[in-house]
Structures are given as C-alpha cells and as structure tokens.
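What follows is calculated from the coordinates using simple rules that are stated; it is not laboratory data. Note that the structure is a prediction, hence the values are computed from the model and not measured. For neighbour counting, all protein chains shown are included, and Cβ atoms are generated from backbone atoms with ideal geometry for every residue, glycine included.
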Amino acid sequence: MRYSYEFKKACIEMYRQGILPDIPEGISKKEFQRYIRRWMRMEDAQGSDVLKHSAFNKQWTPEEKLELVTKALCGKGIQPTAIEAGINAGMLYQWVRKYKIYGYNGLVPKQKGRKSQNADMKKVGTRKTTKPNESEYEELIRLRAENEYMKAEIEVIKKEIALREEKEAARLKAKKQQSSKNSEKTDTN
C-alpha cells in the first residue's frame, strides 16, 4: 500500500510522542511499527522530502550503484546503506548480488524486452556512432592490455629461439673444429 506524505509525517510525529497511530487494514501492528521506524530513519538521514513520492523513478548510474554496493560490502550493511540512500533494501540487495556475480558489468543497465523479429521494423539510416559504454570500455582496456602482454610474450619466445639457434650453431661449429683437429692428427700419423 502507498501511504501519502502527510500520513507518514503524522505517523512519525505521533510515534515520537509515544502514541501508536491507527493501524491501516491489511497490515499487522508489528509490520506497521517497522514501517514507521524505517520512515523515521530515512527522514533523519535525508530530511522529510525523502518521504514524498516522486513523479518518476530515479535512474541510478552504474557509478552511483557501485558506491552504494561498496558501502554495503565494506561493513556498513545493506539496510543502513539503503535507508541512507532513500531506497528499498531489496533493490540494494539485488545490486550487491549482481555485483558479486558479474562485477561492475552487473550494475550496468541491460536493454530489456525481446528483439524485433521483423527486419523492416528496425530503424535504418539513423545509426550514430556512440562511445562504448562502461562495460565495453573496460573490456577494450582489458583486451588491449592482454594484446600487449601477448606481443611481449611472442618477442620473448622469438629471442629464446634465436638464442637456441645461436647456441646450436656455436656447438656445431665447435664440433666441426674438433673433428677437423682430430682428422689433422690422424693425417699426420
């Protein structure tokens, strides 16, 4: 059930005075008290405006999500972090779970819905070049570093092969000289 801003404020004021407000139908006394205490903590952390319903949901950037997830994982806890941010603890729990599974990429919003089956429905000619999103950018950086590492590894292997060939050539040359010295000794006898 959605409670109005005025109702929440009145409940908080009554609760602070030690009076339990009338409990709405369909909710237990214990659950309603839990709501009131949560509203109080949210109001203390962010002011009374946090109790108002916004016209639209806030779009959280991956960086903002990461900041909240880090606070929750660093020992502050999910519930206090969610109250401080003014969001539902369940939402923060989902972000933490996705972060643990997928890392930073789990916090990046995914495109929802089914892909179009009809090729005619796709927009043609309006394609713009866009910057890669954070996950693509991270992958690009990782792949470039991996590419540099592999190039360096190939160079090391080439040098090892060249050294082995030099050693083998020097060994063959020494063997040839040794055999030529032996053949000179047998010729002089």
Once the piece of chain linking residue 94 and residue 166 is laid out straight, how much longer is it, given 0.36 nm per residue of separation minus the C-alpha distance between them? 19.9 nm
Choice from 104, 35, 93 with maximal GNM fluctuation in the chain (Cα, 10 Å cutoff): 35
At a threshold of 8 angstrom on Cα-Cα distance, excluding pairs fewer than six apart, so keeping six or more, what relative contact order does the chain reach in percent? 13
To the nearest 0.05, how large is the calculated FRET efficiency for residue 41 and residue 155 if R₀ is 45 Å and r is the Cβ-Cβ distance? 0.15
Note to self, the chain gives a 222 nm [θ] from helices alone (DSSP H runs n ≥ 4, -39500 (n - 2.57) apiece, / all residues, nearest 500) of -21000 deg cm²/dmol
Compute the distance in nm between two label points, each set 7 Å from the Cα along the Cα-to-Cβ direction, one at residue 139 and one at residue 175. 5.2
Between 130, 70, 61, which gets the highest mean-square fluctuation from a Gaussian network model of the chain, Cα cutoff 10 Å? 130
Quick check: residue separation of residue 67 and residue 5 times 0.36 nm, minus the Cα distance between them. What number comes out in nm? 19.5 nm
Could you pull out the trypsin sites (Lys or Arg not before Pro) across region 36-101 that fall in loop regions by DSSP (anything but H, G, I, E, B) with no more than 16 other Cβ atoms inside 10 Å? 52, 58
Which whole-Hz couplings ³J(HN,Hα) result when phi for each residue of region 104-117 is put into the Karplus expression 6.51 cos²θ - 1.76 cosθ + 1.60, θ = phi - 60°, listed in order with x for Gly and Pro? 4, 4, x, 8, 7, x, 9, 6, 9, x, 8, 6, 5, 8
If we count every other residue with Cβ under 11 angstrom of residue 51's Cβ, Lys/Arg +1 and Asp/Glu -1, where does the sum land? +1
With the chain treated as a Gaussian network of Cα nodes joined by springs under 10 Å, which of 94, 46, 178 yields the largest mean-square fluctuation? 178
Just how far, in whole angstrom, is region 53-98 from region 7-30 if you go by their alpha carbon centroids? 26
